[in-house]
Amino acid sequence: MGAEELNSFARSAYDYGFRRDAHQLIDWGYQDALPAIHSKLLEEEITGLIVEAIEERLDDPFTPERFDRYSIDEEKPIAVEGRKGKKRRRLDLAVVSGHSRPRPRYIFEAKRLRKNGYPIGKYLGEDGLKCFIQGVYASQYPEAAMIGYVQSDTASYWELELQRSFDKDLNNDLCVVQLLQKVKVLSSMPDVWLSKHGRMAGNVIAVHHIFLDCSASSD
């Protein structure tokens, strides 16, 4: 879809159910895949398990009918930064709504969070949060989400690490215009925070930070 601008109706969809439903699909996928998730899995492996579970939910006749309008993209290549072919970046996960055209996408970028290898810096870096801030991902959308696959410590620990990083951002590389706030999109998903960031185009993107416990032992 590139940088095509959403019309006002499509933009308003985020506040009228799209955000809730996109997060609900992630929550269902995570909960259904949780027995197979453990602390040694790679990011792509966890995402793959969640996506498979979401697709099963979408095919389930007991899933509410409003979810018929949605589909799920995993590792979708996108043409940004002049990249072509195999050099294209790939979105980790996107929920696509068929409720309006152009079809809005709720984009999720996932990163592992674990001491000794996957610190908060990678979550924030050029392949993480900065992809949204720099407009590489979701440039035409008012909001998106980061998913932290917590493989050590707790969600509270990583939320504090994230807050400290924002507080120490003296050069404003992260363009924070609203610091972290605890939010509740779904009652079944308690570890969600929200921050807002300025972008080079002059607009602001709201980013939900979703921390999912993936710390179970593989034994």
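At a glance:
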{"read-out": "Count of residues meeting criterion [assigned to a helix (DSSP H, G or I) and in contact with a Lys or Arg (Cβ under 9 Å, 6 or more places away or on another chain)] in segment 25-56", "value": "6"}
{"read-out": "Inter-residue pairs, beta-carbon under 7 Å, first under 14 Å from Leu58 (Cβ atoms) and in segment 19-40, second of a type in the set (Phe, Trp, Tyr), 6+ apart", "value": "Asp21/Phe67; Asp21/Tyr70; Ala22/Tyr106; Leu25/Tyr70; Ile26/Phe108"}
{"read-out": "Identity of the residue in segment 98-137, basic (Lys, Arg) and closer than 20 Å to Val192 by Cα, that ends up modelled with the lowest pLDDT", "value": "Arg105"}
{"read-out": "Qualifying position, being aliphatic (A, V, I, L, M) and at pLDDT below 95, among Leu170, Leu160", "value": "Leu170"}
{"read-out": "Segment 183-219: number of residues that are more than 18 Å from Gly128 (Cβ to Cβ) and acidic (Asp, Glu)", "value": "2"}
{"read-out": "Residue identified as open to solvent by less than 80 Å² (accessible area, probe 1.4 Å), modelled with pLDDT of 95 or more, touching a strand residue (DSSP E or B) at 6+ places or on another chain (Cβ under 9 Å) and over 18 Å from Gly98 (Cα atoms) among Ile26, Ile54, Ile50", "value": "Ile50"}
{"read-out": "Residues within segment 198-207 that are at pLDDT 95 or above and more than 12 Å from Pro142 (Cβ to Cβ), tallied", "value": "1"}
{"read-out": "Pair list, Cβ < 8 Å and 6+ apart or interchain, from segment 45-68 residues that are in contact (Cβ under 8 Å) with a residue 60 or more places away in the chain to residues that are of a type in the set (Ser, Thr, Tyr)", "value": "Ile46/Tyr149"}
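The values are calculated or read from the model by the stated rules, or taken from the named source; none is laboratory data. Everything numeric in this text was worked out from a predicted model, so none of it was measured. Using ideal geometry, Cβ is built from the backbone for each residue, glycine included, and neighbour counts are taken over all protein chains shown. Heavy atoms of the whole protein, side chains included, go into the accessibility calculation; ligands, DNA and RNA do not. Shrake-Rupley method; radii C 1.70, N 1.55, O 1.52, S 1.80 Å.
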